[in-house]
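Notes for the one structure printed next.
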DNA sequence: CCAATGACTAAGCGCTTGCTTAGTGTGTCA
DNA sequence: TGACACACTAAGCAAGCGCTTAGTCATTGG
């Protein structure tokens, strides 16, 4: 029989793991709201309902919290765009899928997305180097999709690098203003950006 | 005869005004590099070659420096996009001019642009209210240009509000990654975004 | 049942923060 | 020439910072 653990009957290991996650969630809220430099470790602890020192039982430094959030966020985003890239063989369908899913991800995960996109410079040089790899992968995948479309003649794009960055900008800039409790749903944002992307690459919808 | 003032023979009033500007320029560099919360008043003072207390001779608080930078930046951006809006009667030409000039502004002023776009939440509620007005004006001008194009039949846009935000995203997201000492010039960015904008609104280039 | 383990806290250390105070030096007027 | 005005600084204050230390207490394996 599977564990019927309730919140107040966790064993040591479960308790530790879930507290670690609670602190990460508290850090996401704090960093997304106040930025990394504007957030205090006391703020993170109190959002998680714990004493200031509890943060350091589970995470070595404040920057380690940021790195963990940024790494998970980037890996999730890369996964989404890779999956979208593989979902279609036709380059036009592929570009639509990639932009649609990338925008949906930024709308659904707008709090984490804000940290992912705006707190890159707050990472240590070593951590920044790892994160930079994920970003390069996303840009490369996008550019390759455009090059494939140009090669088959189904798209008209003279500056594939610049256009790839512009496509990504549509999705990424969402985290600056998107309001999860507003009227526009992630699906609507995703569909709009997917349509706009096809126009931007000169594909016939 | 006009003043032949040299840097070391300024009178009190000139000296005061130029020191005030030097501190603002130092604050722009500091805020753009480290963010508002990550910048110390000592950092601003030392970038301006002065003692920490000198900041407070010319500016009441650190947030006042941010507000002055943000206000000037927004006013300049509004001016640019208003002028572009008035430069053409044909809606398609107007949209191209607006996006072209807005992107050029963000590429040329990428340091100030970063502060303008990312430090909005660091302002006091009163200051934030004034800045919000400038932002509303920019969004309204853009949406109106699209509505004019739809009305004359020269554009095909079903969601004018969403598309207006997407057009602005192209320009604004520049400040996140644009490198002034890189290979791409502001003119190139501006032209690319102008072209993409016309495709996005379904205009025949 | 008892020693060991490890999650968690109270208190606080050394340092930095935004900003102030008290004073110095220099150019400007009557 | 001397009193004033004002740009600017040296020193420092109260508060808050990231992080540590020393310890309490509940759970667990033998």
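The values are calculated or read from the model by the stated rules, or taken from the named source; none is laboratory data. Quick caveat: nothing in here was measured; it's all calculated off a predicted structure. Here the Cβ positions follow ideal geometry from the backbone for every residue, glycine too, while neighbour counts run over all protein chains shown.
When B:96, B:114, B:143 are checked against the criterion of being buried (at least 21 other Cβ atoms within 10 Å of the Cβ) and away from chain A (no Cβ under 11 Å), a single residue qualifies: B:96. Taking region B:51-148 as the region of interest, the helices (runs of 4 or more DSSP H) fully inside it that hold 2 or more residues being more than 28 Å from residue B:19 (Cα to Cα) are B:62-86, B:91-108.
Restricting region A:182-194 to residues that are buried (at least 19 other Cβ atoms within 10 Å of the Cβ) and within 9 Å of another protein chain (Cβ to nearest Cβ), the residue that is nearest to residue B:157 (Cα to Cα) is A:192. In this structure, is residue A:199 within 12 Å of chain B (Cβ to nearest Cβ), out of contact with any helix residue (DSSP H, G or I) (no Cβ under 6 Å at 6 or more places or on another chain) and assigned to a helix (DSSP H, G or I)? Answer is no for this residue. Within 14 Å of chain A (Cβ to nearest Cβ) and out of contact with any helix residue (DSSP H, G or I) (no Cβ under 6 Å at 6 or more places or on another chain): is that true of residue B:173 in this structure? Criteria not met by residue B:173.
The number of residues in region A:60-77 that are buried (at least 16 other Cβ atoms within 10 Å of the Cβ), near DNA strand D (Cβ under 8 Å from one of its atoms) and over 14 Å from residue A:37 (Cα atoms) comes to 0. Within 17 Å of residue B:128 (Cα to Cα), at pLDDT 95 or above and surrounded by fewer than 20 Cβ atoms within 10 Å (Cβ to Cβ) - does that describe any residue in region B:49-59? Checked against the condition, which is being within 17 Å of residue B:128 (Cα to Cα), at pLDDT 95 or above and surrounded by fewer than 20 Cβ atoms within 10 Å (Cβ to Cβ), region B:49-59 yields no hits at all. For region A:30-53, the criterion of being within 14 Å of chain B (Cβ to nearest Cβ), touching a residue at least 12 places away in the same chain (Cβ under 8 Å) and away from DNA strand D (no atom under 13 Å from the Cβ) is satisfied by at least one residue.
From the list A:163, A:156, the lone residue that is at pLDDT 95 or above and part of a loop (DSSP other than H, G, I, E, B) is A:156.
So that you can scan it fast, the table gives a plain yes or no per residue for (1) farther than 19 Å from residue B:141 by Cα; (2) more than 15 Å from DNA strand C (Cβ to nearest atom):
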| site | (1), (2) |
| --- | --- |
| B:49 | yes, yes |
| B:70 | yes, yes |
| B:74 | no, yes |
| B:81 | no, yes |
| B:88 | no, yes |
| B:95 | no, yes |
| B:98 | no, yes |
| B:105 | no, yes |
| B:123 | yes, no |
